[in-house]
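The values are calculated or read from the model by the stated rules, or taken from the named source; none is laboratory data. Quick caveat: nothing in here was measured; it's all calculated off a predicted structure. Neighbour counts run over all protein chains shown; Cβ positions are idealised from the backbone, glycine included. Areas reflect the complete protein model, heavy atoms only, side chains present, ligands, DNA and RNA absent. Shrake-Rupley method; radii C 1.70, N 1.55, O 1.52, S 1.80 Å.
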Protein chains: 4
Amino acid sequence: MSATEHDDDVEGRARVRDNDELREFYRELGEHGAGALWTVANAIEPWEPVAHSVPYLWSYEKLRPMVVRSTELVRPEDAGRRVVMLLNPRRHDVAASVGWLYSGIQIMLAGERASAHRHGASALRWIIEGEGAYTIVDGEKARLAGNDFVITPHGTWHEHGSEGTSGAVIWQDGLDIPLVNALEANWYQVHPDLHQALAGPIDRSPAEFLSAGVLPVDARTWDRPYSPLLRYPWERSYEALLALARTGPGSEFDGHVLRYCNPVNGADVMATMGAQLQRLDGGQATSAHRHTGNSMVTVAKGRGHSVIAGQRFDWKKDDVFCIPAWAWHEHVNDDADDDAVLFSFDDRPVIQKLALHREQAHPEGTQQA
Amino acid sequence: MSATEHDDDVEGRARVRDNDELREFYRELGEHGAGALWTVANAIEPWEPVAHSVPYLWSYEKLRPMVVRSTELVRPEDAGRRVVMLLNPRRHDVAASVGWLYSGIQIMLAGERASAHRHGASALRWIIEGEGAYTIVDGEKARLAGNDFVITPHGTWHEHGSEGTSGAVIWQDGLDIPLVNALEANWYQVHPDLHQALAGPIDRSPAEFLSAGVLPVDARTWDRPYSPLLRYPWERSYEALLALARTGPGSEFDGHVLRYCNPVNGADVMATMGAQLQRLDGGQATSAHRHTGNSMVTVAKGRGHSVIAGQRFDWKKDDVFCIPAWAWHEHVNDDADDDAVLFSFDDRPVIQKLALHREQAHPEGTQQA
Amino acid sequence: MSATEHDDDVEGRARVRDNDELREFYRELGEHGAGALWTVANAIEPWEPVAHSVPYLWSYEKLRPMVVRSTELVRPEDAGRRVVMLLNPRRHDVAASVGWLYSGIQIMLAGERASAHRHGASALRWIIEGEGAYTIVDGEKARLAGNDFVITPHGTWHEHGSEGTSGAVIWQDGLDIPLVNALEANWYQVHPDLHQALAGPIDRSPAEFLSAGVLPVDARTWDRPYSPLLRYPWERSYEALLALARTGPGSEFDGHVLRYCNPVNGADVMATMGAQLQRLDGGQATSAHRHTGNSMVTVAKGRGHSVIAGQRFDWKKDDVFCIPAWAWHEHVNDDADDDAVLFSFDDRPVIQKLALHREQAHPEGTQQA
Amino acid sequence: MSATEHDDDVEGRARVRDNDELREFYRELGEHGAGALWTVANAIEPWEPVAHSVPYLWSYEKLRPMVVRSTELVRPEDAGRRVVMLLNPRRHDVAASVGWLYSGIQIMLAGERASAHRHGASALRWIIEGEGAYTIVDGEKARLAGNDFVITPHGTWHEHGSEGTSGAVIWQDGLDIPLVNALEANWYQVHPDLHQALAGPIDRSPAEFLSAGVLPVDARTWDRPYSPLLRYPWERSYEALLALARTGPGSEFDGHVLRYCNPVNGADVMATMGAQLQRLDGGQATSAHRHTGNSMVTVAKGRGHSVIAGQRFDWKKDDVFCIPAWAWHEHVNDDADDDAVLFSFDDRPVIQKLALHREQAHPEGTQQA
């Protein structure tokens, strides 16, 4: 049922009619930093959740040339990083892709490296293409390959570079910058030496955390609000997704879903953002539902389409689209013979910690009827 | 050190100069729902937390006549509730008093009662004056007196009324409406019967939860994200504050502080908002500090002044003022012979759960030097 | 259904008949530190929980003269402490009163004080009579009065004394010594100075933790596995119990029950032992039930009787009795006009943490039919 | 420092000399279910933890023929299960191998299957040899191979069988039966149908939980006090151990250690018992330490020796030995060219939940000097 079907002319809602005396009263209130609640009550207490964003799809085919072109237009030492932001049409003011989540497509040329910094915002990365990319987080260097998922949690020193000999590496960034700015808690520091010294072997954490159900005995003392596992290699995640798919039918709304987690305690990878991999069988069409919280989806494999808030979006590998809060959504794998895999990151940890999760199945099952 | 002292013309920050080619590139990006990060990077990645609100004080003496006047201007059945909102000069757009917190002063005349509703937002109340006020939350009726603290958590049915025979009851509301709207998770329902039936005796939860250190054996199964104790009577809280004050010197920044909590597990009273009572000895002047998170402060007892972001605010009983995130602040009890007590509610549960807490002592100890 | 009604001559149970070849086999196994499971399987895998203890009541009237006499027989500097242990007839070997719980009645004369020590075991105290008793735990001194409940958790320095001018103070000790010895984790240290220096004011923690629902803001960083509140004054606990009794009918098995807890997080007061107060209305007779875990009960107020494992025990103030694990039990307040209050301590924290809790209502409601 | 070096003739310890009057007093106390604490105080409050068990090694070479012979001596339908118990020389009375832990070697012939049951005790299995073994736990069937680790938590229906066509399967059982009996909480039920129906595919949980850092989205609602992952395949665990070994030097006392855990939250696999894999580099000799808690160790790979409480035990693959609480212990891999791997299970979850963990490094580093 849409919000517009609700009637505000009922007891329990505000329905005061304006008049001169009231207008004078409102003016006087305004002079004292005050206002009358009933003038805004219905607007700020909506019947149903109201999203600020609209659904949108960013075609990688169209974005990629512009990303590449940025390497000709700006030097890394001037730009900081060469990133094409994905901006939701309704969230330009806060530089968000959907809700309070930011995303962008970043490129580095062979041999480039960016300086190290840290900040109050948290970041994650999804590797799209190229050879030789690496990230260093608090002294641990991770070598990156396509569809790897990487985190650089708030407060950790981090830097990126490419050790490739030719070509570019391209990845997608996801950050909670809009949220942390909204919560007035962001800050920024440049590393005093511009670059970090390595502390320990390359790819240490993926070696420490390899199989489900076994943990280094010391890992259980880890108490930071983010995962000690920094890189989640694609081959492991996809293998796990395939194994999961063999155990049963999965969710009617989402297919088979693996959530990236902190291996030490099963929590989301970071305090403010989570991420997951979702697999649709060949030809699978899911049922529609909606829930609070926003998602940014990247196509990791396959091709298909999604219907979001009644609008159809066709997608193929490396395309990115967003699902705004409380928007009905459903997915279809348009390849009958191969699976499709969607990577997404979201603000679910925020929604769940603040006890704001809410979910509904579509009464008709689908918006496409 | 203020944010303005930072230099953005360094490696690791964006410092691209505009030119025609870039402007054309930006235009093209805009057509595809995209933008160049370096055009906004420094703004969205500030060196220090940036608050959206300014410090402000609402004088109860000045507000009260306007609150009373609202009873002549609008009928409760039209206004829903007669509330004078406290609006931060920089947060009119989101109807916030500070940060993402809303507050207002509500009035009910003897014999009035409002209908029951519930919503995704959480609310708290601080009773200012009058006899006979009550609140019913999920079937439990609480009788309210001056300086009582009451919660009506998200999702609970709640309604208010006055059983007094003359005069008005006035209280302060605190809600997370701006936050829950920002997070796109608010919703609203009018009670199907307009009023709730009572379930159990009046003031049940303050009887179940009386002394620290003893819990009804069944209470330990409570697992909702808010306190089962709905009313925190002033006499108990103030007595506890006085007892605490006898145990030692308290915090140099805050005096003696009691935090209202869920008695079952010690958590904050609600998932998104916390509250506390703070006592300053006669004549006490605290040291200045700043931290992330916003507070709305109400003077429960005494008179004094606070310096917030370099600006002095004189206060006395029932005045309300706000402390924006990351603003230096310090308090002085201007009565040498009697204590002062400040009630405040805040977004600290949000800040802490999202791991965004940060705090600094003022390098000089005070802004008043 | 009693354990004896089960038939071991069924598939899934051991029913091997002895013969010479087997006896030779068993002898050979014995030589290699081995045995045949089927010779003991039915015994070590019983159909129902089997308690090691029997129900027992220690009459204070009878014990008191012997406790007093100990002051004439041994000097405190020789005895360490003058304590009459309460020994379960079936648990002499482990010095337990019931299960793995130890209890004793301790006496100190006016002006005596014992030296400070600490150990791996945890202790609690229930004050029975006398003026001037005190306990010092990790530098905090607590003044003790009748029916106060006091904890001295494992690893804390503690010492006791009497500052009375005449007469004796008598209290009941409860310790987990048998359990901690069984778990091979006990240890003992005499304080290097024999006595502790005070750190802070007398009765600090009952001042810090007074009312339910308010906590010193710093208390929330407490992370030890026991309560920071050391003394639970009787007047507070009983007042809370009376308040609770006015809210509704209580449990049919236990009446109204308050559980002593860590005020910071609602956990049991110590890692291995919990305690509670239980109130029976005038004339109340509870229904029978049984559960895993052992309790030591002391009559705090009133008179009545309990039926435990089919045996009747009449009790009055200061009597002590035990309820062994899995024994049916029910209580009757024999005073129609006044309430009865039972204090008890138990091993419930152990049972619950190890997921061994199990409970049954008596099929007939009572054993007295 | 050994316990015997402590002097009990000091203030704070009991040192009452016997005499006739006291003996009469003790007799009188005994008649009232009481005793004098000072007669046992020093014994029950030892200076250092006192273990009930002695170190012991069970040679698989010697045990195996007896295990095989049991198949000729008793029929499964009479024995329930054919198991040779490993009995600590000092724990025959409670059928324990060390502390309160039971272990045994179980054998099934090709084609045999045991009936399903469940009980209050928890069990784990370590597969030693043979083809075709399986376990069914609450409807999930697991196929077992050498060095696999399997859990059958308390309260779950479980049954075992062999689908091999020839030969026997042999595994080691580990149970907390002595502990659960000591805590008087054991119980036993035969499955009403003697066998379970399968619910879902074979080896479902190892498919659901494959890689560290990814979890089925629904798994996060799992709230039972044990792992939903039932079988931990050897190849995964050993691969993870090898990967861990490449990240750094490991512990000086234990080498590289992986702890089996509940993948959903990182907790120990069951509420009362944990397990781990420990790897010693070729030729590695660890430093000696001691701690509370008991371990049963099985050699998964390699050969070496351990010194436990001053006594040397030489071991090779499939041997089993125990390390009693508070016993100094150190390990040596006697093969300079290949690693050694020790599997062990222990009561550490009990020790840690009850806050009884304590650990000491040996002052000399080794007992072998």
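Per residue and in Å³, how big is the convex hull formed by the alpha-carbon atoms of the range C:83-158? Don't skip to the end; give the middle numbers.
Numbers: hull volume 7.9 nm³, N = 76.
Considering the Cα atoms of the range C:83-158, their hull volume per residue is 104 Å³.
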- Here the range A:1-105 gives, from Cα atoms, an Rg and Dmax in Å of 22.6, 63
- Item | Of every Cα-Cα pair in the range A:227-269, the percent that sits beyond 12 Å | 64 percent
- Message: Could you check the spin-label model distance between C:Glu21 and A:Arg23? Points 7 Å from the Cα along Cα→Cβ, value in nm.
- Response: 11.0 nm
- Note: the protein assembly as shown, point scatterers on Cα, Debye, no solvent; log10 I/I(0) at q = 0.04 Å⁻¹ equals -0.29
- Task: Report, in debye and to the nearest 20, how large the dipole of the range A:56-361 comes out about its Cα centre when Lys and Arg carry +1 and Asp and Glu carry -1 on their Cβ.
- Result: 380 debye
- Task: Can you tell me the order of D:218-227, C:124-133 when each peptide is scored by its average per-residue count of other Cβ atoms within 10 angstrom, highest first?
- Result: C:124-133, D:218-227
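Within 10 Å of each Cβ in D:9-18, how many Cβ atoms from other chains are there, averaged over the peptide?
Mean partner shielding for this stretch: 5.
How big is the equivalent ellipsoid of chain A along its three axes, where each semi-axis is √(5λ) from the Cα gyration tensor, reported in whole Å from largest to smallest?
For chain A, the semi-axes come out at 38, 27, 21 Å.
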- Report, ordered by chain and residue number, the aspartates and glutamates lying within cross-link reach of C:Lys316, taken as a straight Cα distance under 14 Å and ignoring same-chain residues fewer than 8 apart. C:Glu61, C:Asp334, C:Asp335, C:Asp338, C:Asp339
- Message: Just to confirm the numbers: C:Asp193, label point 7 angstrom along the Cα-Cβ line, distances to the other copies in nm, shortest first?
- Response: 4.6, 6.5, 7.1
- Message: Going by Cα centres, the range A:225-301 and the range C:138-192 are how many Å apart?
- Response: 53 Å
- Task: Report the residue of chain B with the smallest Cβ-to-axis distance, using the rotation axis that brings B onto A, in whole Å.
- Result: B:Lys353, 2
- Note on the structure: Under 5 Å from the placed amide H of A:His289, counting only residues 5+ away or on other chains, we find A:His329, A:His362
- Other chains near B:48-57: what is the mean number of their Cβ atoms within 10 Å of each residue's Cβ? 3
- Message: To test your reading of the geometry: what angle, between 0 and 90 degrees and rounded to tens, separates the Cα axis of helix C:20-31 from the longest principal axis of chain C?
- Response: 40 degrees
- Message: For the range A:242-316, report the % of Cα-Cα distances exceeding 16 Å.
- Response: 59 percent
- Pairs C:Lys353/D:Lys141; B:Lys141/B:Lys317; B:Lys301/C:Lys141; A:Lys141/B:Lys353: which are spaced more than 31 Å apart, C-alpha to C-alpha? B:Lys301/C:Lys141
- Angstrom value of the Kirkwood radius, inverse mean 1/r, which spans all Cα pairs in the range C:202-341: 16.4 Å
- Task: Taking the Cα centre of the protein assembly as shown as origin, sum charge times position over the Cβ atoms of Lys and Arg (+1) and Asp and Glu (-1), and report the length of that vector in debye to the nearest 20.
- Result: 0 debye
- Angle in degrees between helix C:234-245 and the longest Cα principal axis of chain C, rounded to the nearest 10: 60 degrees
- Note on the structure: In deg cm²/dmol, rounded to the nearest 500, the helical mean residue ellipticity at 222 nm of chain A, built from -39500 (n - 2.57) for every DSSP H run of length 4 or more, is -4500 deg cm²/dmol
- Note on the structure: Ordered by number, the residues of the range C:207-223 that have at least 40 Å² less accessible area in the complete protein assembly than on their own chain alone (1.4 Å probe) are C:Ala207, C:Leu210, C:Ser211, C:Ala212, C:Gly213, C:Val214, C:Leu215, C:Val217, C:Arg220
